[in-house]
Amino acid sequence: MRQGARSWQDYVSCQASLTFSTGIASLEYVKFALHQSDTRGAVPRKMLRTYTSGSRAMRKVHKRYLREFLPATFAYAVLIVAYGFLARSVDSVLLRSLLVVLPLAPIVLMIRAMVRVIRDQDELERRIDLEAIAIASMLTGFGFFSFGMLLGASNWQGAQANVVAIWVLPCLFLSFGLAKIWVSRRYPPG
Amino acid sequence: MNNQVRELRSAQGWSQAELAERLDVSRQTVNAIETGKYDPSLPLAFGIARLFGLSIESIFLPGEE
């Protein structure tokens, strides 16, 4: 296999996992809202009802988060896949570089959505999110640091540096989702 | 810290969801305050006091340290 082809496949597969993990993080939000809603029925119907119905509906701040975050995630996934397909056929370095940096635009929108939801949700929700972010960032940061040390100590050649680096973000999202579920258990919805 | 939020809410005939909507917080937050698992910030405590037409100190009572 050509080195170029292999590297873009690695890139796309790892970025797809990133998108998947981002999806998990946002789904976690839906689950969180569902948990508060007291609605009954099958999950898709429940989700729709939670999103739309009166006083038991998902709060406006979380609806806005989903409205802003999910399209940005979708745009990011589309741009990453487009890069995967187009990178091989584009010879111009400038154009290839543009294809690489283009997904940064929806990432800015994702950051904006996350900052706005943290800022505008209520104080307990903010506390839960910030505790979960603290746990997830420390766990991921020190986890990868220890993993790097372990690789150095054991002289293991199994993991390529770029693949290890690409997995940092998915691990952060996943650990955030799990940490949030764990922290939320302290404050049951009643 | 102890509080009278559950009693005041019941006296008004409101559900947790209704109180949460009036205070613009989640039902989880209302439940956490009522069960004493979370002490609200001063602005939220003022909001609760204003909603029930009472002073903060008549709703929130210092617990045992």
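Would you confirm, using the coordinates I've provided, whether residue A:151 is at pLDDT below 90, farther than 27 Å from residue B:30 by Cβ, in a helix (DSSP H, G or I) and open to solvent by less than 50 Å² (accessible area, probe 1.4 Å)?
Yes.
Being open to solvent by less than 90 Å² (accessible area, probe 1.4 Å) and closer than 29 Å to residue B:32 by Cβ, is that true of even one residue in the range A:162-170?
We begin by selecting, within the range A:162-170, every residue open to solvent by less than 90 Å² (accessible area, probe 1.4 Å); these are A:162-166, A:168-170.
Still in the running and closer than 29 Å to residue B:32 by Cβ: none.
No, the range A:162-170 contains no residue that is open to solvent by less than 90 Å² (accessible area, probe 1.4 Å) and closer than 29 Å to residue B:32 by Cβ.
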Residue B:2 meets each of (1) more than 23 Å from residue A:183 (Cα to Cα); (2) away from chain A (no Cβ under 14 Å) with one exception, condition (1)
I need the full set of residues from the range A:132-146 which are more than 17 Å from the chain's Cα centre (by Cα) and either in a loop (DSSP other than H, G, I, E, B) or surrounded by 13 or more Cβ atoms within 10 Å (Cβ to Cβ) (or both), in order please.
A:143, A:144
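Consider residue B:7 carefully, then state whether it is within 14 Å of chain A (Cβ to nearest Cβ) and open to solvent by 20 Å² or more (accessible area, probe 1.4 Å).
Numbers: within 14 Å of chain A (Cβ to nearest Cβ): no; open to solvent by 20 Å² or more (accessible area, probe 1.4 Å): yes.
Against the criterion (within 14 Å of chain A (Cβ to nearest Cβ) and open to solvent by 20 Å² or more (accessible area, probe 1.4 Å)), residue B:7 does not qualify.
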Some residue of the range A:181-188 being outside any loop (DSSP other than H, G, I, E, B), within 30 Å of residue B:39 (Cα to Cα) and not β-branched (Val, Ile, Thr):
yes
Matching residues in the range B:10-22 (open to solvent by 40 Å² or more (accessible area, probe 1.4 Å) and touching a Ser or Thr at 6+ places or on another chain (Cβ under 7 Å)) number 2
So residue B:18 fits all but one of (1) out of contact with any helix residue (DSSP H, G or I) (no Cβ under 6 Å at 6 or more places or on another chain); (2) within 17 Å of residue A:122 (Cβ to Cβ); (3) not in a helix (DSSP H, G or I); what number is the exception?
(3)
Odd one out for residue A:117 among (1) open to solvent by 80 Å² or more (accessible area, probe 1.4 Å); (2) within 14 Å of another protein chain (Cβ to nearest Cβ):
(1)
Search the range A:95-123 for residues that are within 24 Å of residue B:47 (Cα to Cα) and pair each with any residue that is among the β-branched types (Val, Ile, Thr) when their beta-carbon atoms are under 7 Å apart and the residues are at least 6 apart or on different chains.
A:117/A:61; A:120/A:61; A:121/A:61; A:122/B:25; A:122/B:29
Filter the helices (runs of 4 or more DSSP H) completely within the range B:23-65 down to those with at least 2 residues that are open to solvent by 60 Å² or more (accessible area, probe 1.4 Å) and touching a helix residue (DSSP H, G or I) at 6+ places or on another chain (Cβ under 9 Å).
B:42-52
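The values are calculated or read from the model by the stated rules, or taken from the named source; none is laboratory data. All values derive from a computational prediction rather than experimental measurement. Here Cβ is always computed from backbone atoms with ideal geometry, including for glycine, and neighbour counts include all displayed protein chains. Ligands, DNA and RNA are excluded from the accessible area calculation, which covers all protein heavy atoms including side chains. Shrake-Rupley method; radii C 1.70, N 1.55, O 1.52, S 1.80 Å.
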